[in-house]
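The values are calculated or read from the model by the stated rules, or taken from the named source; none is laboratory data. Quick caveat, the model's predicted, so the values are computed rather than measured. Because the Cβ atoms are built from the backbone with ideal geometry, glycine has one as well, and the counts that use them run over all protein chains shown. What goes into the accessible areas is simple: the full protein's heavy atoms, side chains included, and nothing from ligands, DNA or RNA. Shrake-Rupley method; radii C 1.70, N 1.55, O 1.52, S 1.80 Å.
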Amino acid sequence: LRKDLLVMFNKGFSMGKLQYHYVSLARQNYEKYINNSAQNVLLKKYVYILRGLGCVEYIEKTKGLPPLDWKLSSKFLSKDIRNAFENLVNLKKNSESTKNKRNEELDRWIESKFKDKIKVDDERFNGELINKLVVETINYYAGKF
């Protein structure tokens, strides 16, 4: 099922809508945890924002689903942003509650990415095919019990 859905998803997903989803998640984290904070912020929030924006770049460059591994999904970010991302991940590994001053350079870059236009393409999923696959899978596993 996973393999069939992945093939179907790669052929039919809306790249623009997925990019919009990642930008929206990044923007929500930025507005809630970074932009509305005076000075010290939870660094892990930058990690979540950069992961989302890395996925947007990955989708744009490859026209495919971004990998779960942040190092792979962020490979199209500029070297200095990737380095900042890696530093933040390492700090996060040491403590989920690590706080530090806001990074003005990173904030400017993030805000600039929010201004980028995303072309939202049409849905290309075949709903009937997905429903058929789900029903076949349920029937298959129902027969196992």
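Rounded, prolate or oblate: which fits the range 25-75 when a ≥ b ≥ c are the square roots of the eigenvalues of the alpha-carbon gyration tensor, with rounded for a/c under 1.5 and prolate only if a/b beats b/c? Prolate. Between 0 and 90 degrees, the angle of helix 2-12 with respect to the longest Cα principal axis of the chain falls at about 80 degrees.
Express the carbon and sulfur contribution to the solvent-accessible surface of the chain as a percent, rounded to the nearest whole number, probe 1.4 angstrom. With neighbouring chains kept in place, the figure for the chain is 51 percent.
Loop-located trypsin sites (Lys or Arg not before Pro) across the range 6-95 with a Cβ neighbour count of 12 or fewer within 10 Å are Lys63, with loop assigned by DSSP. For a test of the definition: using alpha carbon positions, the gyration tensor, and the 1.5 limit on a/c, classify the range 53-138 as rounded, prolate or oblate. Prolate, since a/c reaches 1.5 and a/b exceeds b/c. In the context of the full set of protein chains, residues of the chain present 67 Å² of accessible surface per residue (probe radius 1.4 Å, heavy atoms only).
Could you work out how far helix 43-62 tilts from the main Cα principal axis of the chain, as a 0 to 90 degree angle to the nearest 10? The angle comes out at about 50 degrees. Net length available on complete extension from Leu68 to Leu5 is 21.0 nm, with 0.36 nm assigned per residue and the Cα-Cα distance removed. Shape class of the range 77-122 from the alpha-carbon gyration tensor: prolate, with a/c at 1.5 or above and a/b greater than b/c. Note on Tyr20 and Lys144: with the Förster distance fixed at 35 Å, the Cβ-Cβ geometry gives a FRET efficiency of about 0.35. Can you give me the relative contact order of the chain as a percent, contacts being Cα pairs under 8 Å and 6 or more apart? So the answer I get is 33 percent.
In the chain, the DSSP-assigned H stretches of four residues or longer account for a calculated mean residue ellipticity at 222 nm of -20500 deg cm²/dmol, using -39500 (n - 2.57) per stretch and the full residue count as denominator. Extension gain, Gln39 to Asp107: 0.36 nm times the residue separation minus the Cα-Cα distance gives 23.3 nm. Value of Rg to Rh for the chain, rounded to two decimals, is 1.09; Kirkwood radius and Rg both from alpha-carbon coordinates.
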